[in-house]
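See structure below.
The values are calculated or read from the model by the stated rules, or taken from the named source; none is laboratory data. Please read all numbers here as calculations on a predicted model, not as lab measurements. Cβ: placed from backbone, ideal geometry, glycine included. Neighbour counts: every protein chain shown. What goes into the accessible areas is simple: the full protein's heavy atoms, side chains included, and nothing from ligands, DNA or RNA. Shrake-Rupley method; radii C 1.70, N 1.55, O 1.52, S 1.80 Å.
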Amino acid sequence: MEERVHTFNPGPAALPLPVLERIRDEMLNFRGTGMSILEVSHRSRTFEEVLDDAAARLKRLLKLDNRFHVVFLQGGASLQFAMVPMNLALEGKPVGYVDTGYWASKALKEAQILGKDVQVVASSKAQNYTHIPKNFTVDDNLAYLHLTSNNTIEGTQWHHFPGVGNVPLVSDMSSDILSRVFDPSPFGLIYAGAQKNLGPAGVTVVIIREDMLERTPKNLPTMLRYSTFVESNSLYNTPPCFAIYVVDLVLEWLEETVGGLETMEAINRKKAKILYDYLDSQNFYTCPVAPEDRSMMNVVFRLPSPELEDKFVKEAEKARLVGLKGHRSVGGCRASLYNAVTVEAVQALVDFMQEFARKNA
Ligand SMILES: Cc1ncc(COP(=O)(O)O)c(C=O)c1O
């Protein structure tokens, strides 16, 4: 087998090598069933054990108490942009959004399409989304306040969630769930597409607090109601079984091999520090993001010209460092340092960057 590359893809993204090896080893005969997990019935005890294990591990890792339900949905984080206002908006109350970038603005647009009274509580759009808004006030009449905890494209992250009194926070945590420790208690709902820190594409994790379930209007179709998935233990219809199985393995790796979220956070801090320290130590590459709001997961940087950026991405690929092109909406370069990306991979990237700068400055 040819040697594996270092992947800095934004999602689908790097998976832990032990997880990939386990999938390979279990592929033809899943835990004594004589068949692959791809062939196991979603109504079997075998699959339900996988599903329940994944939910239980997620609850333990995030220290969620019994008020929180974990469900597995399809439709990506993008469907959550619509399901959140469909289920959680309240008659006569505005829904609040903080506009911190491309995905945050897509989320609030869905609430607008649905005709909800959308209040953009704060926005960093005028500054090209290079920082996280601060010192804004939150109206206590809001049905909820929606945040994007990590802005995958712009490379910013909420390092402190705003105090919101009794207003439930709702967060798109697609690109930083399980990367660090946080207090879940102010959150009414958290959602995340799996394809960054949790596993493969095709499943979306939703964490919903019990009291939020009462809000769903009666006229919402069954597949768009959170309660459908809570009541059926994510088995109302055929779930994305394989993706859920891989999520379970990733969570097992995080709990048992890494040793939990505190350790994961320390490793993520170390990785981000290696790259940001290098970026700040020279002036060939520049990072446009306000230092206090820089993401630990997605590090964005520019080179002196778009031509050099193209050359950088191509040469990096030849050096077996892949996925460094910035999102098409903003250009530039981006290294995604999700949980499965190793310290060694980040060090290899910095070594390559130094060499490239030396040759091209
Ligand atoms: C923060 C964030 N939200 C939402 C999405 C969209 O997710 P999906 O493709 O699962 O709909 C992405 C994808 O990169 C993202 O980074």
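Out of the residues in the range 116-145 that are free of Cβ contacts under 8 Å to residues at least 40 places away in the same chain and of a type in the set (Ser, Thr, Tyr), state the one that is farthest from the ligand (Cβ to nearest atom).
Thr137
Report yes if Val50 is part of a helix (DSSP H, G or I) and within 24 Å of Trp253 (Cα to Cα), otherwise no.
yes
Can you name the residue in the range 196-227 that is closer than 30 Å to Gly11 by Cα and polar (S, T, N, Q) and is also surrounded by the most Cβ atoms within 10 Å (Cβ to Cβ) among such residues?
In this case the residue turns out to be Asn197.
Scanning for something more than 21 Å from Asn9 (Cβ to Cβ), in contact with a Pro (Cβ under 8 Å, 6 or more places away or on another chain) and not assigned by TED's automatic domain parsing to the domain that holds Lys196, does the range 282-289 turn up at least one residue?
Taking every residue of the range 282-289 in turn, at least one turns out to be more than 21 Å from Asn9 (Cβ to Cβ), in contact with a Pro (Cβ under 8 Å, 6 or more places away or on another chain) and not assigned by TED's automatic domain parsing to the domain that holds Lys196.
Checking the conditions here, which among Leu51, Leu64, Leu73 is surrounded by 15 or more Cβ atoms within 10 Å (Cβ to Cβ), within 16 Å of the ligand (Cβ to nearest atom) and assigned by TED's automatic domain parsing to the domain that holds Asp211?
Leu73
Take the residues of the range 146-163 that are surrounded by fewer than 24 Cβ atoms within 10 Å (Cβ to Cβ) and either more than 10 Å from the ligand (Cβ to nearest atom) or assigned to a strand (DSSP E or B) (or both): which is farthest from the chain's Cα centre (by Cα)?
Gly163
Using the structure shown, decide if Val250 is within 21 Å of Pro18 (Cα to Cα) and open to solvent by less than 40 Å² (accessible area, probe 1.4 Å).
When the stated conditions are applied, Val250 passes them.
Might you let me know whether the range 257-268 holds any residue that is closer than 22 Å to Gln347 by Cα and over 19 Å from the mean Cα position of the chain (by Cα)?
Taking every residue of the range 257-268 in turn, at least one turns out to be closer than 22 Å to Gln347 by Cα and over 19 Å from the mean Cα position of the chain (by Cα).
How many residues, within the range 164-197, are assigned to a loop (DSSP other than H, G, I, E, B) and either of a type in the set (Gly, Ala, Ser) or within 11 Å of the ligand (Cβ to nearest atom) (or both)?
12
Looking at the range 83-108, which of its residues are under 18 Å from Ile208 (Cβ atoms) and without any contact (Cβ under 8 Å) to a residue 60 or more places away in the chain?
Residues satisfying the conditions are Pro85, Val95.
Conditions tested, residue by residue: (1) open to solvent by 10 Å² or more (accessible area, probe 1.4 Å); (2) of a type in the set (Lys, Arg); (3) in the same structural domain as Ala272 (by TED's automatic domain parsing).
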{"residue": "Lys318", "(1), (2), (3)": "yes, yes, yes"}
{"residue": "His327", "(1), (2), (3)": "yes, no, yes"}
{"residue": "Ser336", "(1), (2), (3)": "no, no, yes"}
{"residue": "Thr342", "(1), (2), (3)": "yes, no, yes"}
{"residue": "Ala345", "(1), (2), (3)": "no, no, yes"}
{"residue": "Phe352", "(1), (2), (3)": "yes, no, yes"}
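Can you tell me which residue among Val98, Val5, Val40, Val19 is under 19 Å from Ile190 (Cβ atoms), at pLDDT 95 or above and either open to solvent by less than 20 Å² (accessible area, probe 1.4 Å) or not assigned by TED's automatic domain parsing to the domain that holds Pro168 (or both)?
Step by step, each of Val98, Val5, Val40, Val19 is checked, and only Val98 is under 19 Å from Ile190 (Cβ atoms), at pLDDT 95 or above and either open to solvent by less than 20 Å² (accessible area, probe 1.4 Å) or not assigned by TED's automatic domain parsing to the domain that holds Pro168 (or both).
Looking only at the range 111-129, count how many residues are over 26 Å from Gly331 (Cβ atoms) and charged (D, E, K, R).
The total comes to 2.
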